[in-house]
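The values are calculated or read from the model by the stated rules, or taken from the named source; none is laboratory data. What you are looking at is a predicted structure, and each value in this text was computed from that prediction instead of being measured. Cβ sites come from the backbone with ideal geometry, for glycine too, and all protein chains shown count toward neighbours. Remember, those area values only see protein heavy atoms, side chains included, never the ligands or the DNA or RNA. Shrake-Rupley method; radii C 1.70, N 1.55, O 1.52, S 1.80 Å.
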Amino acid sequence: MTSIALGLPGIRRAPDVRPDTTGRPDADGLVDRFGRVARDLRVSITEKCSLRCTYCMPEQGLPAIARKDLLTPDEIARLVAIAARDLGVHDVRFTGGEPLMRADLAEILAKSSAVARGASISLTTNGIGLDKRIDELMAAGLTRVNISLDTVDRDHFARLTRRDRLPAVFAGIEAAKRAGLTPVKINAVLMRDTLAGSADLLAWALENRVRLRFIEQMPLDADEAWARDNMVDAAELLGVLGSRFTLTSPHREDPSAPAEEWLVDGGPATVGIIASVTRAFCETCDRTRLTAEGTVRSCLFGDDETDLRGLLRGGADDAEIADRWRAAMWGKQAGHGMASADFVRPARSMGAIGG
């Protein structure tokens with residue numbers, strides 16, 4: 001994480017407003033008003049998913065994005081090239097929805113990897129179907145993978161995701177391990193319904209040599225059922241895990257990493273906790289996001305979006321696109337603001353934004 005000392009913060013803006021760039025320094029990177037520099041790019045490539053997790057997707061799925069409105073592999077690769085070459089991005093992660101739902105995922109990865117200038121190319125996925133595509137994705141340049149898994153109880157998994165697909169997730173995890181995509185990271189969203197099984201999930205992770213990270217649930221569910229007074233926070237999780245494991249030496253491997261890592265039973269194995277709500281790390285955030293329709297979101301909780309697809313298809317050169325991207329990031333808000341009385345949840349859900 002690189003910081004640049006700058007001036008006072010800006011305010012939250014309405015959608016589709018061209019950001020005010022007054023005071024923006026003449027810097028190549030994605031600098032915001034608070035001195036943060038974005039180097040981690042998240043690229044959503046679809047709103048479709050093979051699951052219907054209650055904290056992410058409505059039961060019927062998200063409204064479909066017309067094919068013509070999705071970025072093409074060439075357009076995605078062009079934006080990745082601009083990000084890596086001109087804006088200082090060194091990590092690129094593809095998300096959804098579920099990125100494995102794109103039949104042209106390998107093409108997207110290959111074209112992006114070819115122009116990424118050494119940036120890591122990774123994937124956040126539910127793992128369903130990964131075993132069938134792992135070879136082509138590795139050949140295309142995939143270097144890391146995060147797999148979402150909230151419970152190892154099959155009945156509970158089926159209720160939570162509205163799909164009985166746990167064996168398929170396990171198959172994807174095993175395929176990633178065999179392919180050498182280590183460490184395979186497992187992301188588990190903390191929920192009241194899954195808290196009792198959290199120690200079982202950690203025991204499974206230790207046995208299967210994967211790195212587990214619990215994530216506090218944020219108000220990004222499509223059904224808008226999230227309630228602050230019912231969420232499971234990091235402190236409560238630590239109490240439950242502590243009844244079965246000894247957790248010590250909390251630390252972050254990188255100052256910008258969202259997960260606080262705890263040694264399990266003296267190590268070397270660890271468990272991570274991403275306390276997005278109660279121990280917010282907004283002041284060290286280094287992410288920039290592209291939606292599947294080609295708009296920049298500077299923050300998960302900022303509804304302002306800057307259209308880059310229109311520039312791509314309107315004949316703009318790379319310098320103009322890069323400058324528009326810099327302007328979008330300059331207006332990034334200070335943080336998600338969930339502790340404020342006037343907090344307003346974003347209009348898009350997590351599945352529509354990209355993880």
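Things worth noting here:
- The length gained on full extension between Ala196 and Ala158, counted as 0.36 nm times the residue separation minus their Cα-Cα distance, comes to 12.0 nm.
- Accessible area expressed per residue, the range 33-119, with surrounding protein chains retained (probe 1.4 Å, Å²): 37 Å²
- Within the range 252-344, none of the trypsin sites (Lys or Arg not before Pro) combine a DSSP coil assignment with at most 10 other C-beta atoms in a 10 angstrom radius.
- As a fraction of the 1.4 Å probe accessible area of the range 104-247, surface on carbon and sulfur atoms comes out at 47 percent.
- Put simply, when 209-218, 130-139, 64-73 are sorted by average Cβ atoms within 10 angstrom per residue, most first, you get 209-218, 130-139, 64-73.
- Potential lengthening between Asp135 and Lys177 on full extension [0.36 nm per residue; Cα-Cα distance subtracted]: 13.9 nm
- Lysines whose Cα lies under 27 Å from that of Lys68, excluding same-chain neighbours fewer than 8 positions away: Lys48, Lys111
- For Leu308, the accessible surface of its heavy atoms amounts to roughly 0 Å² (probe 1.4 Å, protein chains only, rounded to the nearest 10).
- The magnitude of the dipole of the range 147-301, with charges of +1 and -1 set on the Cβ of Lys/Arg and Asp/Glu and taken from the Cα centre, is near 480 debye.
- Total charge dipole magnitude, the range 146-198, about the Cα centre, Cβ charges on Lys, Arg, Asp, Glu only, Debye to nearest 20: 140 debye
- At full extension, Asp317 and Ser249 could sit 19.6 nm farther apart than now, given 0.36 nm per residue minus the alpha carbon distance.
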